[in-house]
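Shown next, in structure tokens, is the structure this report addresses.
The values are calculated or read from the model by the stated rules, or taken from the named source; none is laboratory data. The shown structure was predicted, so the numbers you read here are calculated from the model rather than taken from an experiment. Cβ atoms come from the backbone with ideal geometry, glycine included; neighbour counts cover every protein chain shown. In case anyone asks, the SASA skips ligands and DNA or RNA and just uses the protein heavy atoms, side chains included. Shrake-Rupley method; radii C 1.70, N 1.55, O 1.52, S 1.80 Å.
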Amino acid sequence: MVEKEKKKWNFEGNFHGEQKTASPPITVRGILYMIMRSLNKDDDRPIIPLGHGDPSAFPCFRTSAAAEDAVVDALRSARYNSYSPTVGILPARRAIAGYLSHDLPYNLSPDDVYLTVGCSNAIEVIIEALARPGANILVPRPGFPYYDVRAACSNLEVRHYDLLPDKGWEVDLEAVEALSDENTVAMVIINPGNPCGNVHSPQHLEKIAEKARKLGILVIADEVYEQITFGSTKFVPMAAFAATVPVITLGSISKRWTVPGWRLGWLVTCDPTAALKNSGLNERITACLEVTTDPATFVQAAVPQILEKTKEEFYSNIIAILRRCADICFDRLQEIPCITCPSKPEGSMFLMVKLNLELLDDIGDDMEFCIKLAEEESVVVLPGVAVGMKNWLRVTFACDHSCLEDGLGRMKAFCQRHAKKH
């Protein structure tokens, strides 16, 4: 049906609260979809996905048999077809509390654990719980842009502190203090690092805790890549320092078990001094969960069995694959003159590399680099602007090693083809 006359409607798309002229928010998924529209449909070669952290499509990253069996058992029991409690079912929360307590000097309680629809939902909940008029939050740059997007939805100001590439992507603690004021409520750390592939040392985490305590702010520890480390620095949870500063830990089964589509995450209040409880934040978290969706009940029910029965062999095999792929990625990228790798990744599934545009012809910035790379070589990488660092790239190495070799070889050929002629 076609309208006979122009009708004025009272609704419109609005991305940032009251800013009616705002452009759509930057998200990793949105940027990657835009780049993928540049793929050449006539290129018969396979598309190489080096832009996102979901290796589940590759057979070598298939989840554990124990995890699959746990979901099947929970589903076939017919006991978990109902809605779950707001905070999640007790057996799953108890299992997660026990799992996380293994690395802590105190024991978490099931009451500390809130189940969410993946880690993204945990981010939404804690951002909304902390938002209040005039408040601000400190977020790393480069970082995960979902924090910025969700904060804008909650009218929570974001202030970016830098990670230092020449110091293994450590937090610039002087910048944290300079950015903070009486309205700062929290700082976010992502460890192991997305997008940098770094792992913070216990000594650095202690300094972060001391700085946050001095500023009177809590630490949101995004540890969705927890235990995914393969370098010299061992993963230590931020909650180990919760006696110094209150910590909110965010995590999920998405990465360690390579099942991001199962959408099961958690938000955990690590609060041995009861600072969070006394502030009323726990009640606020529950209130926020009342108005959001729940993870599938049968997936929640599978959690105890997943955590208990997944064998060490599965974890060590995934780490071995990632270690090999990280080595390949770092070594091959080192061979490309216009790309600089500040440090070898020690964890997660990514590394950040810097583009030297002065060595390239007819490429103006990182976005144009990625669009032309997709068009000419069917290789998809994420431009650094998506994670807060213009003219850098985030490259994932979480894929089959032969696929990775192919993709990096194409990237090298692309850079050679676009190199400035002297």
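Things worth noting here:
- Residue count, the stretch 116-143 (criterion: open to solvent by 40 Å² or more (accessible area, probe 1.4 Å) and out of contact with any helix residue (DSSP H, G or I) (no Cβ under 7 Å at 6 or more places or on another chain)): 4
- Search result, residues across the stretch 259-311 that are under 20 Å from the mean Cα position of the chain (by Cα), under 21 Å from residue 108 (Cβ atoms) and of a type in the set (Gly, Ala, Ser): 265
- In a residue-by-residue description of the stretch 185-204, the property of being among the hydroxyl-bearing types (Ser, Thr, Tyr), assigned to a loop (DSSP other than H, G, I, E, B), without any contact (Cβ under 8 Å) to a residue 40 or more places away in the chain and open to solvent by 10 Å² or more (accessible area, probe 1.4 Å) applies to at least one position.
- Every condition in (1) of a type in the set (S, T, N, Q); (2) over 27 Å from residue 243 (Cα atoms); (3) outside any loop (DSSP other than H, G, I, E, B) is met by residue 155 except one, and the failing one is (3).
- Selection from the stretch 354-383 of residues that are open to solvent by less than 10 Å² (accessible area, probe 1.4 Å) and among the polar types (S, T, N, Q): 378
- Residue list for the stretch 132-148, filter: within 24 Å of residue 264 (Cα to Cα) and of a type outside the set (Ser, Thr, Tyr): 139, 143, 144, 145, 148
- Some residue of the stretch 83-91 being modelled with pLDDT of 95 or more, of a type in the set (Gly, Ala, Ser), assigned by the TED database to the domain that holds residue 265 and out of contact with any Leu (no Cβ under 9 Å at 6 or more places or on another chain): no
- Checking each residue in the stretch 137-154 for being small (Gly, Ala, Ser) and more than 12 Å from the chain's Cα centre (by Cα) picks out 151, 152, 154.
- Filter pass, residue 386 being part of a helix (DSSP H, G or I), surrounded by fewer than 16 Cβ atoms within 10 Å (Cβ to Cβ) and touching a residue at least 24 places away in the same chain (Cβ under 8 Å): no
- Of the strands (runs of 3 or more DSSP E) lying entirely inside the stretch 216-300, none contains at least 2 residues that are open to solvent by 30 Å² or more (accessible area, probe 1.4 Å) and among the aliphatic types (A, V, I, L, M).
- Any chance residue 398 is assigned by the TED database to the domain that holds residue 326, within 17 Å of the chain's Cα centre (by Cα) and open to solvent by less than 40 Å² (accessible area, probe 1.4 Å): yes
- Close Cβ contacts (under 8 Å, 6 or more residues apart or on different chains) running from residues in the stretch 313-325 that are part of a helix (DSSP H, G or I) to residues that are open to solvent by 60 Å² or more (accessible area, probe 1.4 Å) comprise 321/401; 324/401; 325/401.
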